[in-house]
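First comes the structure, then the notes that go with it.
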Amino acid sequence: MAAETGDGLTGSVARRHTDPMAPDTAPPLPDEDRGCLRAVLAVPIGILTLLSAFFCWTALTVRPQGVWDVDAYRGIDVSCFVTIALSTALLGMWLPPSVRRVVPWTWVAPGALLGVVAAVRWALAS
């Protein structure tokens, strides 16, 4: 009863803070969910980077047997294109400011580097 018999404003404030069922009116901190968001974004970033690495490795290891080996050149072209597309998707996912605040650029740098390697390989294979 002592909390209810206060001087108007003080009594209601005291009652609100002691009531366990009262809603929390404090605004959330901006970096409160940083760990959770990192964990959620780590999965697609990891998958896109691993797929990009696989296709880049494929583009670098395929060797045409001669000028007439059109299938090998086509395989290099497709592997390079897929690597560049995956790297672009990875960078596109990282571009929004809300993601850049949580995910450092070092997480995206390997995928971007693989895209550059694939672009160079594609230019040299043609």
Pull up the range 51-65, narrow it to residues that are within 12 Å of residue 81 (Cα to Cα) and not β-branched (Val, Ile, Thr), then point me to the one that is surrounded by the fewest Cβ atoms within 10 Å (Cβ to Cβ).
55
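Quick one: is residue 12 modelled with pLDDT of 60 or more, open to solvent by less than 90 Å² (accessible area, probe 1.4 Å) and polar (S, T, N, Q)? If you could, list the steps in order and put the result at the bottom.
Values: modelled with pLDDT of 60 or more: no; open to solvent by less than 90 Å² (accessible area, probe 1.4 Å): yes; polar (S, T, N, Q): yes.
Taking the combined requirement at face value, the residue does not satisfy it.
Hey, does the range 102-122 have a residue that's in contact with an Asp or Glu (Cβ under 7 Å, 6 or more places away or on another chain) and of a type in the set (Phe, Trp, Tyr)? Even if it seems obvious, please write down each step before you answer.
As a first pass, look at the range 102-122 and keep what is in contact with an Asp or Glu (Cβ under 7 Å, 6 or more places away or on another chain): 122.
Remaining after also requiring of a type in the set (Phe, Trp, Tyr): 122.
Yes, that holds for at least one residue.
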Which one of these is farther than 20 Å from residue 123 by Cα and surrounded by 12 or more Cβ atoms within 10 Å (Cβ to Cβ): 86, 48?
48
Single match in 68, 107 (criterion: touching a helix residue (DSSP H, G or I) at 6+ places or on another chain (Cβ under 6 Å) and open to solvent by 60 Å² or more (accessible area, probe 1.4 Å)):
107
When the residues of the range 86-104 are filtered to those that are out of contact with any helix residue (DSSP H, G or I) (no Cβ under 9 Å at 6 or more places or on another chain) and either part of a helix (DSSP H, G or I) or aliphatic (A, V, I, L, M) (or both), which remaining residue is farthest from residue 42 (Cα to Cα)?
97
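Report yes if some residue within the range 112-120 is of a type outside the set (Asp, Glu), surrounded by fewer than 16 Cβ atoms within 10 Å (Cβ to Cβ), modelled with pLDDT of 95 or more and closer than 22 Å to residue 42 by Cβ; otherwise report no.
Residues of the range 112-120 that are of a type outside the set (Asp, Glu), as a first pass: 112-120.
After this cut, where a residue has to be surrounded by fewer than 16 Cβ atoms within 10 Å (Cβ to Cβ) as well, the list is 113, 116, 119-120.
Then keep just the ones that are modelled with pLDDT of 95 or more; that gives 113, 116, 119-120.
If we keep only those that are closer than 22 Å to residue 42 by Cβ too, we end up with 113.
Yes, the range 112-120 contains at least one residue that is of a type outside the set (Asp, Glu), surrounded by fewer than 16 Cβ atoms within 10 Å (Cβ to Cβ), modelled with pLDDT of 95 or more and closer than 22 Å to residue 42 by Cβ.
The values are calculated or read from the model by the stated rules, or taken from the named source; none is laboratory data. Source: prediction; values computed, not measured. In this analysis, Cβ positions are derived from the backbone assuming ideal geometry, glycine residues included, and neighbour counts consider all displayed protein chains. Just so you know, the surface numbers come from the protein's heavy atoms only, side chains and all, with ligands and any DNA or RNA stripped out. Shrake-Rupley method; radii C 1.70, N 1.55, O 1.52, S 1.80 Å.
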